[in-house]
1. With the structure loaded, tell me whether A188 is in contact with a helix residue (DSSP H, G or I) (Cβ under 7 Å, 6 or more places away or on another chain) and not β-branched (V, I, T) or whether it fails that test.
2. For K173, state whether it is part of a helix (DSSP H, G or I), in contact with an Asp or Glu (Cβ under 8 Å, 6 or more places away or on another chain) and among the charged types (D, E, K, R).
3. Being part of a strand (DSSP E or B) and of a type outside the set (A, V, I, L, M, F, W, C) is the filter here; which residues of the range 73-132 pass it?
4. Enumerate the pairs (first residue in the range 277-302 and assigned by TED's automatic domain parsing to the domain that holds K263 and at pLDDT 90 or above; second residue anywhere and surrounded by 14 or more Cβ atoms within 10 Å (Cβ to Cβ) and hydroxyl-bearing (S, T, Y)) with beta-carbon separation below 6 Å, excluding pairs fewer than 6 apart on the same chain, so at least 6 apart or on different chains.
5. Output the number of the condition that K226 fails; it satisfies all remaining conditions of (1) at pLDDT below 90; (2) among the charged types (D, E, K, R); (3) surrounded by 12 or more Cβ atoms within 10 Å (Cβ to Cβ).
6. Suppose we filter V88, V70 for residues that are surrounded by fewer than 17 Cβ atoms within 10 Å (Cβ to Cβ), under 30 Å from T212 (Cβ atoms), at pLDDT below 95 and touching an Asp or Glu at 6+ places or on another chain (Cβ under 9 Å); which single one remains?
Amino acid sequence: METENPIKKYLPKVILIGVIGAAAYYGYTKYQYAVSHEDTDNAQVETYFVPVLPRMAGYVKAVNVKDYDVVRKDEVLAEIDTDEARLVLDELNADFVQSQTDVENAKANINNLNVTVKSSQANLKANFLRREKAKKDAERDANLLADNAITRKQGDDSKSNAEILSAQYEAGKEDILTSKSRMPILQAALHKAQSVLAVKRVKIEQQKLRLTYSKVYAPTSGRIGKKNIEVGQFIQAGQPLMTVVQDTTFWVVANFKETQVSKLKIGDETELKLDAYPDKILKGKIISISDATGAKSSLLPADNASGNFVKVTQRVPVKIEILDLEKNKGMLRAGLSLEVSVPLKK
């Protein structure tokens, strides 16, 4: 009778025991990981998206970038034709010069009125002296006429002359008052002309400011997306031309289940594994936890009181800072998916 080989007899049992042991060890490690970590694969890399918006309307003169180019802050991305805007500025300057002439004319009218008043006052003073002399002459001639020392005609002429000079003096006073009454009107005209001049000066400064808007600058450093602008295109102020994706600031938003949030707290360290780089583990730290679920901040939030209700586990956004960002930002892109794991502290 042939003896059975012990290796053949016990090898299947050894293999079975080994498989069971490996499975048990794998299961144990998975269990230990599950009870000591909270993880999710509902996470994305986020950054700032800054729109590029022109501040004046016009035809595009030049576009200095292509799709997905890297740009630096204050770099000129596009230029808008300014020929029409410069013609408007020339017209405003010519109108401004005309308004300056109106102001000078208003000042000249006031100066002319002041000279006229001064001249009238001088003439009034001379008429006053003539009137006083004529009064004295008339009084003296009246006395002489009473003594029959002169003829009645001489007396009447002297009296008439005094009355005429007195009337001229009163008329001179009225002329001065009339001239002075025109002063407020001329001053109001001057103030109006000066106000018009100030408005036109402001319009010129506004037009000069608009001309500076002819160059569209990058609002921040980063990489542009697909541009929506070509040479010769007419664009409006505020029209989106392109978007700059910041390449200096990245963070992660992980949407944990509501049943996991109670175990998380601000300051917890995290492990980040990008789907694009599965062999690379990044370190992170929780910096904030949203006060509302993602569903509540959506465009059409669910209303549990609207009819049939099906309970769904909600997700709470958690913001995570990426540590050693400068060293790792070369592999980061906004929107990349990743897995987030948070070791629980005992």
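The values are calculated or read from the model by the stated rules, or taken from the named source; none is laboratory data. Just so it is clear, the model here is predicted, and its values are computed rather than measured. Positions of Cβ are backbone-derived with ideal geometry, glycine not excepted, and every protein chain shown enters the neighbour counts.
1. So A188 does not fit the description; no.
2. Working: part of a helix (DSSP H, G or I): yes; in contact with an Asp or Glu (Cβ under 8 Å, 6 or more places away or on another chain): no; among the charged types (D, E, K, R): yes.
Against the criterion (part of a helix (DSSP H, G or I), in contact with an Asp or Glu (Cβ under 8 Å, 6 or more places away or on another chain) and among the charged types (D, E, K, R)), K173 does not qualify.
3. The answer is E79, and nothing else.
4. Note: pairs meeting the criteria are G284/T270.
5. (3)
6. V70
Quick grid of which residues meet (1) part of a loop (DSSP other than H, G, I, E, B); (2) farther than 18 Å from V52 by Cα:
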residue: L190; (1), (2): no, yes
residue: S195; (1), (2): no, yes
residue: V199; (1), (2): no, yes
residue: K208; (1), (2): no, yes
residue: V216; (1), (2): no, no
residue: K226; (1), (2): yes, no
residue: V231; (1), (2): yes, no
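To keep it simple, each residue is scored yes or no on (1) hydrophobic (A, V, I, L, M, F, W, C); (2) within 30 Å of I229 (Cβ to Cβ); (3) in contact (Cβ under 8 Å) with a residue 24 or more places away in the chain; (4) not assigned by TED's automatic domain parsing to the domain that holds S262.
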{"position": "G27", "(1), (2), (3), (4)": "no, no, no, yes"}
{"position": "N64", "(1), (2), (3), (4)": "no, yes, no, yes"}
{"position": "E75", "(1), (2), (3), (4)": "no, yes, yes, yes"}
{"position": "F96", "(1), (2), (3), (4)": "yes, no, yes, yes"}
{"position": "E104", "(1), (2), (3), (4)": "no, no, no, yes"}
{"position": "K107", "(1), (2), (3), (4)": "no, no, yes, yes"}
{"position": "N111", "(1), (2), (3), (4)": "no, no, no, yes"}
{"position": "F128", "(1), (2), (3), (4)": "yes, no, yes, yes"}
{"position": "E132", "(1), (2), (3), (4)": "no, no, no, yes"}
